[in-house]
Every structure is written in C-alpha cells, then in structure tokens.
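This report refers to the structure that appears directly beneath it.
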Amino acid sequence: MGGEKDLEQLKREAAAKAKEAAKKRQAEKAAAEAGGTREPVKEESEKATPANEEDDLAKKKAAAVAKAKAAAAAKKAAMQQGAEGEAPGNEEDDLAKKKAAAVAKAKAAAAAKKAAMQQDTAGEAPGNEEDDLAKKKAAAVAKAKAAAAAKKAAMQQDAEGEAPGNEEDDLAKKKAAAVAKAKAAAAAKAKAAAGGAGAGDDEKAKAIAAAKAKAAAAAKAKAAGSAKTGGDAEPDETAKPSINQPFLDKYTKVIEKHLGEGVLEESYINKLSKDVPTLVAKRDSYFKVAEFLKYNEQLSFDYLSEIHGTDFETHMEVYVHFYSYKNSQSVALKVKINRDQPEIESLQPLWEGANWPECEAYDLLGIKFTGHPNLNRIMLGEDWVGHPMRKDYEPYDVEV
Amino acid sequence: MIEDLLYSSPGWTNVGIFFLLGAALLMVVLGFVTYAILAERKVMGFMQLRHGPNQVGGRWGLLQTVADVLKLLLKEDTIPKLADRPLFILAPIIAFAPAFMVLATIPFTDRFQFADIGVGLLYYIAISGLTTIGIVTGGWASNNKYALLGGMRAAAQMVSYEIPLVMSVVGVILLAGSLNLNEIVEAQRSGWFIILQPIGFIVFLIASVAELNRAPFDLPEAESELVAGFHVEYSGFRWAFFMLAEYVYFFAMASLTTVLFLGGWLPLPFLGFIPGAVWFALKFSLVIFILIWFRVTFPRIRADQLMEFGWKVLLPVALANIFITAIVKQLFFM
Amino acid sequence: MIRTEEMLLNVGPQHPSTHGVFRIVLKIDGEIIKEATPVIGYLHRGTEKIAEDLQYTQIIPYTDRMDYISAMTNNYVICHAVETMMGLEVPERAEYLRVMAMELNRVASHLVWWGTYLLDIGAVSPFLYAFREREMIVNMLNELSGARLTFNYMRVGGVKWDAPEGWIEKVAEFIPYMREQLKGYHQLVTGNEIFMNRVKGVGRYTKAEAINYSLSGPNLRCTGVKWDLRKNEPYSIYDRFDFDVPVSDGGDAWARYQVRMAEIEESLKILEQAVEQFPKEGAILAKVPKIIKAPKGEAFVRIESPRGEIGCYIASDGKKEPYRLKFRRPSFYNLQILPKLLKGENIANLIAILGAIDIVLGEVDG
C-alpha cells in the first residue's frame, strides 16, 4: 500500500512538471505569435492561465494494441501537429519525452483517459486561449492495450462539442512510438484529430505507453491534476481530491439550494467504493431528498440500482445507490434510522424498482417502509419469527 | 374375403371371425405403435444429437417400448380423490375406441381392407371427431385446472381444424368423384393428387398435424405451459390409452394422407413389380418421418394464433381450393 | 344458464417452465390472466447471513450458488468488491484469466437461456444444440477451475488456478467453432415464422418503464439503452477490448432475444482479443495477506453479469469477516416487472415473457 502511494506521488510530480512545461510552451507560442517582441504578454498570459488551466480539456489517448494500419494515420496526425506548432517548444518537447518514457503500462494511460473524460463532462469554461502543446513520445513495448477507451474518450468529447467559442488550441499530445508488437491505436488518434479540428479545440493528450513497465506515472497524474477545478494551477501534492468531488459539490449545492440547509446530515466521497459521491440524508428529509434526486433536472437520477438496509447495532441504515442515465453519474444515498422502531418512507412510489428490495429489507431486517403498497415478507414467509439479518437475531425453534 | 363376410348372413361364426380379425389388427396396430414410438425417439435422437433408446433390446433399443408398456401396466392406477370417477375411467376409452374404429376403412392395399364402404372418407372424419369428446371428458373429470385448460384447448382446436381438414379433401373428392377410399386411390392412376391438389395437400397436412395434437400444434398437452395438459392426472394404463389413441391416430392419419394424396398402394411408373404393400409402407413411412421432423423443428404455436391461423388462413385457402378445383375440373376433365 | 368464474391457478413452484422453484399465482378468466402474484423465496438460503460469519475467501463458494448459470461473474463481483476496498492491483495474467472465464461463462449462460427459452416455447431441439456448445465451455471451465458449475475459481487478488497447458489454444479453437454454430442457430430459429409470432410484441415495455423498474442487462438494452457496465464503467481490463454493446429498441421478447444473441458474438470478440493479448507468464495472484481484511468502511461495486447488473455491497468493520454483505441480484430486480407484463396476457405468453426475462431462481431468492 505504501509503495503505491509513493508511486502516486511520483506520478503527480511528473504531471506537475509536464504541466508546467506545457504552460511555458504555450505561453511561448503566444509570444511567438505576437512576433516575439512583447515579453510582458507572456507574463500576462501566464498569470491569466491559472484560472483557465483546469478547464483545459486534456484528451489523452492511450494508443495501444490495434491494427497496424492505424500507424499510418497516427503518423499523419503527428505530422499535422508538428506543422502546427512544433518550433516554439523544443525543450519542452524533450522534457516531455523524458517524462513519457516513464509512462508505462497502457492501462495507466487508459486510466488517464478515463479521468480526462470525466473531467470533460464536468463542464469547462469557454474562452481559453492557451495553447498547450505537450507531445510525449514513449516507447511502447509489446501488447499495450486500451485503445478502446481512448477511442471512447475522444468520441465522447467530440460528440459533446463542449464550450462554444473556444479558441484554445490546446494540444497536449503524448506520443509513444511503439516498439515491438505495438500496433498503435492511432486510428483513434486520427479520429480525434479530425473531430477536434472541426470543433476548433484541438487539445489532445496522447499517451502511448510503454507496456510492461510498472510505473504508471505521468499521464495518470496529469489527468488527475488537470481534473482539478480548484482554481490553483498546480496540482497540490498533498491531498488529492477525488475526480468525483465536483459532482458531490454540485449535488449538495443543488439540494441545499432547493431543500434548505439542513436536509443532509453529511456528504462525502466514498473512496473505498470507487469514489462514489455519498449523501447522508436526515431521517425526516430522506424521501424529499430522494424525490429531488429523481425529479431535479440537474440530477435526474432515474435509475435505482440498489436499495438495502444494514443493522449497525447503534442504528439501522438504508443504503440506496442511484444512477442517472441522462448524466451518467452515480450517487449513493444513505439514511440512518432508529433501530428500535425502524420506519422510513418507501421509495416505491418514485422507483418501481424499489418494490421487492424494500420487501426484502422488511423481511430480513424489519424495516417498515411506509407508503409501500404491498410490504410483505417476500423471502421467508409471513409466519417467520424474527428478522435474520439483525445482529441480535436468534433462530426461533418451537422445540427449544 | 372380408367383403363376402360383410354381406353374408349374420351368425356367431361371423362374429368370431370379425373378432379375431379385429384382434389381429389391434396386434398389428400395437406393433406399429410400439415401433412408431421407438422410431420417433430414434429419429428425434438423431436429429437432436442423442442416441435415443439403445439399451433394452440391443443396439437399436428394439424392446424399449415394450419395456415401457410393461412398466405402465405395472404402475399403480391412481384416480384423484376429487375426480369425477366414472367419467375419469370412461375418458381414455372414449378417446381410444374411435381411433381404432377409423382403421376399418383404410385400404392398405387393393385387397387388404376391412370395410370398403362407400363413404369411407366421411366415415373416417366423422368418427375421428369423437376422440375430442374423450379428451375433453378426461380434462374435465380430472378436476385439475391444467387438465381443464388442456381439454378446452383440445376442443377448440379440434373443432377449428376439422373444418379445413374436411374442406381440403373436398378437392380430392371432386376429382375422384367418390368418397370411397378405394376409388380415390384408383383415380390416382393417372397422377397422384399431391400433384393435382398441391394446395389441398398442404392444407390437409397442416390440419392433420393439428388434428393429431402434435408439435407445433400440441397445445392441449403443451408441457411447458400446462405441464401435461388434459392427461396430467392420468397415470399407468389409463394414460397409456391416451398415448395409444394418439399414436393410432398417427398411424391412421399417415395412412389417410397416403391414400388421399400419395396414391395409396400405387407404384411409381416402371416400378410396378414391387408389391403394393411395400409402396404403401414406403409412402406411409415418409409421411410419418415428415411429421416427426416437424416435431423436432418447430416451436409451439400460441392458442390464439392457432385459431386465427385455422379460421383466417387455412379455411379460406381450402375454400378457394374447392372453387379452383371445380373450375379446373369443369374445364379440363369433363 | 351459463356461469363463468375466475379461476385461481398456481403455476409453480413445481412447473416445467418456471426455471426452478418460482411460483406465480394467477387469476385467470379462461386463459387470460387478470392478475399475477409472484411468490418467491423457496430457494432462499440466507447467503448474506451466512457470509457474516465467514472470511472473504470462504464466501466465494456461496456466490457460486446464487446465479449458478453464471457463477464466474458472481465470483468476480465479491472479489472485485474486496479488491476495490483494499485498493489491490490484480496481476495482469489473472485479469485475463478472469475475463476469459467470465466471458466463456457469459456465452454458456446465454446458450442455456437460448436453449431453455425455446424449450419453453415448445421447440426441443435447440436446447440440445445449445447444450452441445455449452458442454464444451463447461469442460474448458472445468479444466480451469476443477468444477463444471460451481467454479469457486476467483480469489481476492487474482485467481486460484493458472490456465493448464493448451487451455488458451482450446479457447482459441472454440471461438470460430462457436461462431459457426451461431449461424446454425439463427438458421434454425431466428427466422422461424412461428417463433417470431410467439415473441414479437410479447412482453413489451418502454425505456422509461425499464429504467423505472430497475431492469438491467439485456432486459434494459432491449429498449434501446446502450448501457453495459463493461463499457460504461469499465472494471477489470474491459477497457482494453474492442467490442460493441448490442441494443435493440423493440422492448419485447424478440428484442431481448436479438440482444442476447448478439451478445454472444460480442463475448466471442472479447475472448478473441483476450486470447491474443494473453500474457505468456506472470503471477496469477497478487500479494495478499494470508487473512484478508477489508478496511473499515463500505463499498458498493457493480459489474455486468449475463443477466444484468450484479452488485456487491460490503460494510466492513476491519475484521476478516464482512460486517454486512449484500448482493444486488439482477434476476431479483428484473423479475419485479413480471406482474405488470402479465396483465391481460394468456398463459402461453406467461411462459414466453417469463422466459425472456431470463431469471435464475438461485439468484432471485439469494
């Protein structure tokens, strides 16, 4: 575990460096565009960037396995990129290259992509002017994978066509030359390039990773770093907020705005559970919150994935996991209820899918769901004595 | 020889002879049923990547059905407590008797026939309809909901498909100019009715499968829906009677198809040296095989679709066939 | 005087087409269903209660017995939940073995569905054809895990057994063979007029209903929701494979049939890529402590089983046994829509609708 943390640290550092380099380069380019005379502009733009930094879309592609034919497309894309703005940033390129050598295992790249993707969906501010070119070339050995994810990420981004009026030309490309078997998944790259050019924003982070090397490194860290919406330009090394933090913030903000301050007992990111935003509602506002989660347009959690109860001895807890097909987001809603008189409103009127699971919770834990149309002992039958999933359950036996 | 007996003056000798002949035919039919079941299981087995029976009676499982029947005989005879006892006992007999009766008119060869009556075809169709009563009675008397549903389905299905069945053979009757099965066969010397009556044949084939309650029309005993349908409460030899009735009908219907559309015992051109009985057996086996093939291939049709198909498709087609046949006959055969 | 009355018909718990001990009480008028009340619980074994006294590794065999048609995915979901909590990285070779096992099992599961569904509809032969191919898969999984049905193959941090000599080749050989057989399946069944009549428009529901009733898997995808956890929330190494998520928009049994058949092909695609990329060597089990303890806290993970979204919730107090274990069992959730679908249908359609939902009773009852 400790080792892994170190790794993460390393990654983050690497990312920070890469980012800085990219920024510098971008500024340089701006300067070059201005004729190379106006130094202050550079300064200015550098100062200005932090605010926008986090918004910049970083598309990262982990090129991996995939067909050889893709290689050609990749080359083409690379050339295009080169023509666009290679000159002003040679040192950075070198730097990036070095960094990317550390980039490893394709799966790391995939993770980066995922992160990037998520960030994209978070909604970016328009009006960036930065020109973040960071090309990274890494040697990719062997069966590198994750082309699919890359493709998906790119496609999603293109499809979303986010942030109208973007003029940024944020190219962050990490290219990994594929050694050995590496059949670069460059088709995806080409696709993204085409789409990006059309949309006007052209930021790409192509990470083609070296396989088999263990350190996941730069790409991941960078993605994580850029995902931050905090406003500070540098990813801080200490506490890395989850990529789902903005969602949680959004949920709590919207809920508190509409339902008042005191409806939520607590809200946090559950790091153990794939960083799912978790809301703990107060007993009295549970139904209201659930209803709101379903019907609010910004939230619209139309799918109830799971509902069950747990006996924590001090209290009972109902855990509900929602999903929104509209926004592709998850949220967990919990509520603590009195153990001696476990009663809570039923969610069945909101989600039909809560019908049987609530019966199950009633059967096994004795939680009464008020407003449920047909609360019965679905598993054990009506004549069963006791609720087995309670921690103090004693099996009832007539003969004893 | 049987003809002579029919027209001779009645007496105990006649009765005895007829009884013996009847028993002999029953034995033949039982033998057929035994091996039809085996054949069906074997053919189905081969089509379904299985071996079929291969333990009892050698490699081909020749005694498997015999063993099965023996088992059925030894089985406890159960009658549900709340069943309508007399009807429950009567039902298998009502179902089986007509199945055996219809065999009397079928000409297996030009000489091997029990009763050469003038309205042989009509007799067959009329008598075969009686079995339905046995099935409905069985379904009702069992006092079981699945059985009742099965019995009701059987009644609806039989009534619906009897009509296209009859209508489809009207074309044959028109061309042959007779209801006598012998004459129908003789009328096919110039060409089998399967060629002259292709539409009639198809309608007849479909309707006959439905009449037989075989897949894809096995709704009355649809095992996946009604468990076993009308005979769900039957066991032992009473159940065997239903089974027997089913397979005797199988035998009879295949024979009738052969007689009506495949030229009965008539040989193919230039192959007249092969005896008629062999020809009949060959054609008959072909029909049997096709019916088994159906069963292996098709899913079951749904009750409402069955009705719709019977009334809205088969019946109009059969009626149209009658008209076309009449016109054709008027134009070319008069 | 003709008197008609409604009849109460008990279908199950012993019935050929309820796929186990599922019981449904029907109020019928003739053959038309007025009201249907499902009764479940006949196979409830209290897996979750038992699990509270077991160590994590000991729970795995119990998961085999929930969705016994597709035990690999069940194995996976609990391991995945514990791994997520512990932050364990699973060795690559193990991931590939897991994915291959799961996809093989998915194909097998869909084959069982295909066969039994047609058996329900009245065609016997497809069942035997499907089981011929399934037998091959089961044999392969047997070689891998030592069991044909209740595999108990996966462990927290990897898998129990490495692939035996020549196993990968067998899988590789199986893929084209299965593709060929699939063509045969389609020839035999897919275009059959009777079959189409039996399934088209039967058990139809809309996208909104499907989501509202918490349906998942093919039952959801048949309404046009392109949603597959393997694709949308990739776990394990599914993001490395190029495959499609088949959808259909009919929302009826026919659409579900199409989706499942297409899913077999997609699983074969994944298998093909997995065989190609399979690492020649490497560990099959991560370095895990002898006694696995999930950190204090709770986690809910969900993955895609052949029947839909199978989830596992673990609340841990840091001990070697889970404080509370809860499975989100897709069949249980999927079955909820049944009473709604059955209203006004006839008994033949009951079988066609129930079969198309594809339930496994071990999973429904938990």
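So in the range C:177-198, with the set limited to residues that are in contact with a helix residue (DSSP H, G or I) (Cβ under 9 Å, 6 or more places away or on another chain) and more than 14 Å from every other protein chain (Cβ to nearest Cβ), which one is farthest from residue C:79 (Cα to Cα)?
C:186
Among the numbered conditions (1) away from chain A (no Cβ under 14 Å); (2) in contact (Cβ under 8 Å) with a residue 12 or more places away in the chain, tell me where residue C:58 comes up short.
(2)
Have a look at A:265, A:306 and point out the one that is over 18 Å from the mean Cα position of the chain (by Cα) and either surrounded by fewer than 18 Cβ atoms within 10 Å (Cβ to Cβ) or away from chain C (no Cβ under 14 Å) (or both).
Matching residue, one of A:265, A:306: A:265.
Which ones in the range B:226-250 are closer than 20 Å to residue C:347 by Cα and either surrounded by fewer than 24 Cβ atoms within 10 Å (Cβ to Cβ) or in contact with a strand residue (DSSP E or B) (Cβ under 9 Å, 6 or more places away or on another chain) (or both)?
B:227, B:228, B:232, B:233 - these are the residues of the range B:226-250 that are closer than 20 Å to residue C:347 by Cα and either surrounded by fewer than 24 Cβ atoms within 10 Å (Cβ to Cβ) or in contact with a strand residue (DSSP E or B) (Cβ under 9 Å, 6 or more places away or on another chain) (or both).
Return only the number of the condition from (1) more than 30 Å from residue C:164 (Cα to Cα); (2) within 15 Å of the chain's Cα centre (by Cα); (3) away from every other protein chain (no Cβ under 11 Å); (4) of a type outside the set (A, V, I, L, M, F, W, C) that residue C:329 does not satisfy.
(3)
Can you spot a residue in the range B:222-231 that is in contact (Cβ under 8 Å) with a residue 24 or more places away in the chain, under 19 Å from residue B:127 (Cα atoms) and of a type outside the set (Val, Ile, Thr)?
No; the residues of the range B:222-231 include none that is in contact (Cβ under 8 Å) with a residue 24 or more places away in the chain, under 19 Å from residue B:127 (Cα atoms) and of a type outside the set (Val, Ile, Thr).
Please verify whether the range A:280-296 includes one or more residues that are in a strand (DSSP E or B) and of a type outside the set (Lys, Arg).
Yes: the range A:280-296 contains one or more residues that are in a strand (DSSP E or B) and of a type outside the set (Lys, Arg).
Looking only at helices (runs of 4 or more DSSP H) that lie completely in the range B:220-334, which have at least 2 residues being closer than 25 Å to residue B:45 by Cα and of a type in the set (A, V, I, L, M)?
B:236-261, B:276-297
Check off (1) within 11 Å of chain A (Cβ to nearest Cβ); (2) assigned to a loop (DSSP other than H, G, I, E, B); (3) touching a residue at least 24 places away in the same chain (Cβ under 8 Å); (4) not acidic (Asp, Glu) for residue C:201 and give me the number that stays unchecked.
Here residue C:201 clears every test but (1).
Residue under question is residue C:327, and the condition is that it be part of a helix (DSSP H, G or I) and aromatic (Phe, Trp, Tyr); does it hold?
no
Please find, among B:329, B:312, B:283, the residue that is over 23 Å from the mean Cα position of the chain (by Cα) and either under 30 Å from residue C:189 (Cα atoms) or buried (at least 20 other Cβ atoms within 10 Å of the Cβ) (or both).
Exactly one of B:329, B:312, B:283 is over 23 Å from the mean Cα position of the chain (by Cα) and either under 30 Å from residue C:189 (Cα atoms) or buried (at least 20 other Cβ atoms within 10 Å of the Cβ) (or both), namely B:312.
For the range C:235-269, what are the residues that are part of a loop (DSSP other than H, G, I, E, B), among the small types (Gly, Ala, Ser) and more than 12 Å from every other protein chain (Cβ to nearest Cβ)?
Scanning the range C:235-269 gives C:248, C:250, C:251.
Being over 23 Å from residue C:327 (Cβ atoms) and either of a type outside the set (Val, Ile, Thr) or within 26 Å of the chain's Cα centre (by Cα) (or both) is the requirement here; does residue A:297 meet it?
When the stated conditions are applied, residue A:297 passes them.
Does residue B:215 count as within 20 Å of residue B:131 (Cα to Cα) and more than 14 Å from every other protein chain (Cβ to nearest Cβ)?
no
Testing residue C:304 on (1) buried (at least 24 other Cβ atoms within 10 Å of the Cβ); (2) of a type in the set (Asp, Glu); (3) within 12 Å of chain A (Cβ to nearest Cβ), one condition comes back false. Which one is that?
So residue C:304 meets the others, but not (3).
Need at least 3 residues that are closer than 30 Å to residue C:10 by Cβ per element, so show me which helices (runs of 4 or more DSSP H) inside the range B:113-203 make the cut, counting only ones lying wholly within it.
Passing ranges, in order: B:131-141, B:145-176.
Does residue C:215 satisfy the condition of being crowded, with 24+ Cβ neighbours inside 10 Å and within 12 Å of chain A (Cβ to nearest Cβ)?
yes
Mind listing whichever residues of the range A:330-385 are in a loop (DSSP other than H, G, I, E, B) and charged (D, E, K, R)?
Correct list: A:339, A:340, A:377, A:382, A:383.
Which of (1) in a loop (DSSP other than H, G, I, E, B); (2) in contact (Cβ under 8 Å) with a residue 12 or more places away in the chain is the odd one out, the single condition residue A:319 does not satisfy?
Here residue A:319 meets the rest and fails (1).
Is it the case that some residue within the range A:366-382 is within 20 Å of residue A:282 (Cβ to Cβ), within 35 Å of the chain's Cα centre (by Cα) and of a type outside the set (Asp, Glu)?
yes
Taking the stated definitions as given, is residue C:260 within 14 Å of residue C:78 (Cα to Cα) and in contact with a helix residue (DSSP H, G or I) (Cβ under 8 Å, 6 or more places away or on another chain)?
For residue C:260, the condition - within 14 Å of residue C:78 (Cα to Cα) and in contact with a helix residue (DSSP H, G or I) (Cβ under 8 Å, 6 or more places away or on another chain) - is not met.
Looking for whichever is at pLDDT 85 or above and among the charged types (D, E, K, R) here; the options are B:221, B:162, B:183. Which one fits?
Just one listed residue meets the conditions, B:162.
Suppose we filter the range A:289-303 for residues that are within 13 Å of chain C (Cβ to nearest Cβ) and either modelled with pLDDT of 90 or more or crowded, with 22+ Cβ neighbours inside 10 Å (or both); how many remain?
Final tally of qualifying residues: 2.
The rows are residues; the columns are (1) among the basic types (Lys, Arg); (2) within 14 Å of another protein chain (Cβ to nearest Cβ); (3) under 25 Å from residue C:334 (Cβ atoms).
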| site | (1), (2), (3) |
| --- | --- |
| A:277 | no, yes, no |
| A:287 | no, no, no |
| A:330 | no, yes, yes |
| A:340 | no, no, no |
| A:348 | no, yes, yes |
| A:360 | no, yes, yes |
| A:367 | no, yes, yes |
| A:377 | yes, yes, yes |
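If you take the residues of the range C:270-292 that are away from chain A (no Cβ under 11 Å) and under 30 Å from residue C:190 (Cβ atoms), which of them is nearest to the chain's Cα centre (by Cα)?
C:271
The values are calculated or read from the model by the stated rules, or taken from the named source; none is laboratory data. Since the model is a prediction, treat every value here as computed from it, not as a measurement. Glycine gets a Cβ as well: all are built from the backbone with ideal geometry, and neighbour counts include every protein chain shown.
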